[in-house]
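Working notes, structure below.
The values are calculated or read from the model by the stated rules, or taken from the named source; none is laboratory data. All values derive from a computational prediction rather than experimental measurement. With ideal geometry, Cβ positions are generated from the backbone for all residues, glycine too; neighbour counts draw on all protein chains shown. Please note that ligands, DNA and RNA were not included when accessible areas were found on the heavy atoms of the full protein model with its side chains. Shrake-Rupley method; radii C 1.70, N 1.55, O 1.52, S 1.80 Å.
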Amino acid sequence: MGRIERLLALIQDTGNDGTLSVPARLCIASSAAVGVDGAGVALINAHHHSAVAASDDLAGEVEDLQASLGQGPCFDAVQQCRAIIAPDLTDRQVLNRWPAFARSALDAGVHAVFGFPLSIDGRPIGALDLYSRTPRHLTDRHINDALVLADLTAIAVHDGMDRGRISEVGLSSSLDEPWAHRAVVHHATGMTAVELSVSVDEALLRLRAYAFATSRTLDEVARDVVARRLRVEHWNTDDD
Amino acid sequence: MSSPVVCGSSTGTPTMTDDRSTTNSATRADRETRIINTFVTLADTLVDDYDVIEFLGVLAERCVELIEAAEAGILLADERGNLQAIASSSERTRLLELFELQNEEGPCLDAFRTGETVVSLDLVNDEARWPRFASTARAAGFSGVVSVPLRLRREVIGALNLLRAGPGPFADSDLALVRALADVATIGLLQERAVSESRTTARRLQIALSSRVLIEQAKGVLAARHDTDIDAAFERLRGYARRHGLKLTDVARAVVENQFDLGQT
């Protein structure tokens, strides 16, 4: 199973009690995918931190710490536009980098933090932060999963926040059979496959992921792609 | 394969034919010849290098010629009972959407569910029956419709849909001919292929539906590659297939799966 397909299936299975926003679900799914204890999402604008969602209270607390102390993985991720990996907050270099945040986070019970930038058109707008209670290294697979989930989160916070409803549509595994779709979805799939230089199967998964992240139906997304009102961006991803 | 019938004006509405009461014996003989030729052509297609999409496309085009309808389409039910347009007399997106609409309401859905032919002589009178379909069809220039179920023994596997631009009755002989063509369509869908192992009904339908998916995907691929709209992309695909004597499905598959470039033409 390809990476996106696997992650969509994971998202479908987590946090689906129907009450959570898309960013909150992505926090829970990211935490599960990478095998850490929590995740939070924040928008960062000119060093101003605005919390969007968190998987649980501890994650929320650590987001608050970053906001009030003005330091932490989310700021670095945005500033440097790359993933920030801190497997052990007791490490001397980490303590030098974040003197206030590292100590406060340790006091709160967090021993490792990771920040992944949320990028739109190559411009970082915020971060997906992951937290572990114990020191922890991430495998390449974890990191690549987190990068894809960060891309989805970026879409969700940038394009999907003004929608009232939460849609399972993009996730539904009953969409596995291609003939379940209307022609417009196939047209959009073909176009996206060319634009992203991927297979049609991969292109369809990306359209579904986009639909989920923006709480829109697949048909709506497809119509916009065909009308060239929407271009599904190239994502950080290579397959498992 | 014969060249397609081009119906009427650029808006897609056909020119009206002569009043039926003035049909003379020469016209009748001519029509009979055309009917016979249609069945011969379809029989040839059935045995020779069979491609279900081509076959149904020819059948749809011939329906339009013989019944003097504006457009025709063949819809098949997938595993979940949703009707999918497999072939039609024209691939114009607007027409295909009219067929897709009938998943939720319309004469094809009724024909599929009841197993009976459904006729509307003037959609103005059927706004209550099919509110969305009737208004969309009328806006597209159609006023009359016939839907004939595709039946295999007790099972209904889809429907053959004819749309016409002018109101008025359908002749009994026309309805009988449409039913015969619907039967041919059903046989064509389910007949044994000379080369391969025997397949179940479900598998054959699956193949037809998969071919349709490939063709639609190919439209998208070509539209993106050549920066055109979907309908123009289909013209390019079909033009290439016809010029090279290739099956539409095969060219579509090459475009989608092997990044085959049709060239500048």
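Do the conditions hold for B:R253, that is, is it at pLDDT 90 or above and either more than 10 Å from chain A (Cβ to nearest Cβ) or surrounded by fewer than 17 Cβ atoms within 10 Å (Cβ to Cβ) (or both)?
yes
Every residue in segment B:214-231 that is more than 8 Å from every other protein chain (Cβ to nearest Cβ) and more than 19 Å from the chain's Cα centre (by Cα), please.
B:H226, B:D227, B:T228, B:D229
Checking A:D17 against (1) over 24 Å from A:R123 (Cα atoms); (2) surrounded by 20 or more Cβ atoms within 10 Å (Cβ to Cβ), only one condition comes out false. Which one?
(2)
Considering only residues of segment B:235-250 that are under 21 Å from the mean Cα position of the chain (by Cα), part of a helix (DSSP H, G or I) and more than 18 Å from A:M191 (Cβ to Cβ), which is farthest from the other protein chains (Cβ to nearest Cβ)?
Going through the qualifying residues, I end up with B:R242.
For the list (1) within 14 Å of chain A (Cβ to nearest Cβ); (2) closer than 23 Å to B:L205 by Cα; (3) open to solvent by 10 Å² or more (accessible area, probe 1.4 Å); (4) not hydroxyl-bearing (S, T, Y), I need the number of the one condition that B:A87 fails.
B:A87 satisfies all of (1) within 14 Å of chain A (Cβ to nearest Cβ); (2) closer than 23 Å to B:L205 by Cα; (3) open to solvent by 10 Å² or more (accessible area, probe 1.4 Å); (4) not hydroxyl-bearing (S, T, Y) except (3).
Would you mind telling me which numbered condition in (1) away from every other protein chain (no Cβ under 14 Å); (2) touching a residue at least 40 places away in the same chain (Cβ under 8 Å) B:T114 fails?
Status for B:T114: all satisfied but (2).
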